[in-house]
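The values are calculated or read from the model by the stated rules, or taken from the named source; none is laboratory data. All values reported here derive from a predicted model rather than from experimental measurement. Every residue, glycine as well, gets a Cβ built from its backbone with ideal geometry; the counts of neighbours run over all protein chains shown. Note: areas computed on protein heavy atoms with side chains; ligands, DNA, RNA excluded. Shrake-Rupley method; radii C 1.70, N 1.55, O 1.52, S 1.80 Å.
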Amino acid sequence: MNIIFLGPPGAGKGTQAQKICDALNIPQISTGDILRRAMKEGTETGKKAKSFIDAGQLVPDEVIIDIVKERLAMDDCKQGYILDGFPRTVPQAEALDTFATIDSVIELDVKDEELVNRLSGRRVCVKCGATYHISMLNGKITCDKCGEELIQRNDDKAETVLNRLKVYHDQTAPLIGYYEGKGLLKKIDGAQGMDNTTRAILDALGAKA
Ligand code: AP5
Ligand code: MG
């Protein structure tokens, strides 16, 4: 099954994609993670992306489309995948249509006030990328999965978060209508607890955990 996770920053795309990928045994393709890795490694792509990401803006379409096209051509994508954070503009969605067939689009719906709270409290593992919220950490500063340090993402600073939300509403939300028009969109309440959200997504996909 080829699946897109659509939703504003902080909606839970990464958190849920990890769980659903484990359940379905397919890879999670997070363009945000790919770009952050490229920045850390100092590659040409990473250098191009840095100023956009730090400002909460989208990286130009031509940079990201080629990355996704190459990634989807890899062997581990043959049984399906979840795209987490791509497409994010109508031109990206139109490009995707030329090299992939999408079966389902899961839209995670969460109100802006809750998103700001989630992002300002998010902590991520420097090594494996696992995501936590400070409210669940009880003061812990290391990752449950690999023991490494947890940090705050650079773009989770308050002013950048507001900019990312604006960019989502202006440039990415039009994709809701795009995929509704194709009969692929499944809207999920992303403000229920983590496990309820996972169940609702699996139900919408007609899959079992
Ligand atoms: P990216 O990394 O994709 O960031 P994003 O879309 O802004 O989304 P987030 O990762 O912030 O949120 P999420 O929905 O994954 O939420 P999470 O599960 O972590 O992109 C970063 C940047 O890269 C972009 O700004 C852009 O510059 C660039 N980029 C990436 N893709 C691009 C593209 N296609 N085109 C152009 N540029 C691109 O959860 C958030 C928090 O909430 C966590 O703390 C979590 O523990 C908590 N939480 C999750 N679910 C629940 C729940 N049900 N209840 C309570 N808390 C919850
Ligand atoms: Mg994410």
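Side notes on the structure shown:
- On the stretch given as the stretch 78-91, residues that are within 18 Å of Pro9 (Cα to Cα) and away from ligand 2 (no atom under 16 Å from the Cβ) total 2.
- Taken as a whole, the condition of being more than 6 Å from ligand 1 (Cβ to nearest atom), open to solvent by 40 Å² or more (accessible area, probe 1.4 Å), of a type in the set (A, V, I, L, M, F, W, C) and under 25 Å from Lys145 (Cβ atoms) applies to Met39.
- Considering only residues in the stretch 1-20 that are open to solvent by 10 Å² or more (accessible area, probe 1.4 Å) and either among the basic types (Lys, Arg) or closer than 17 Å to Lys78 by Cα (or both), the one that is nearest to ligand 1 (Cβ to nearest atom) turns out to be Lys13.
- Filtering the stretch 16-27 for residues that are basic (Lys, Arg) and free of Cβ contacts under 8 Å to residues at least 60 places away in the same chain leaves an empty set.
- Output for the stretch 42-81, where each listed residue is farther than 26 Å from Ile102 by Cα, in contact with a Ser or Thr (Cβ under 9 Å, 6 or more places away or on another chain) and either acidic (Asp, Glu) or open to solvent by 100 Å² or more (accessible area, probe 1.4 Å) (or both): Asp54
- Check on Ala38, farther than 23 Å from Lys127 by Cα, small (Gly, Ala, Ser) and away from ligand 2 (no atom under 14 Å from the Cβ): no
- Residue check for Leu24: closer than 20 Å to Arg118 by Cα and away from ligand 2 (no atom under 11 Å from the Cβ): no
- Within the stretch 160-195, the set of residues being touching a residue at least 60 places away in the same chain (Cβ under 8 Å) and over 29 Å from Ala95 (Cα atoms) comprises Ala191, Met194.
- Ala93 vs. criteria touching a helix residue (DSSP H, G or I) at 6+ places or on another chain (Cβ under 8 Å), among the small types (Gly, Ala, Ser) and surrounded by 20 or more Cβ atoms within 10 Å (Cβ to Cβ): yes
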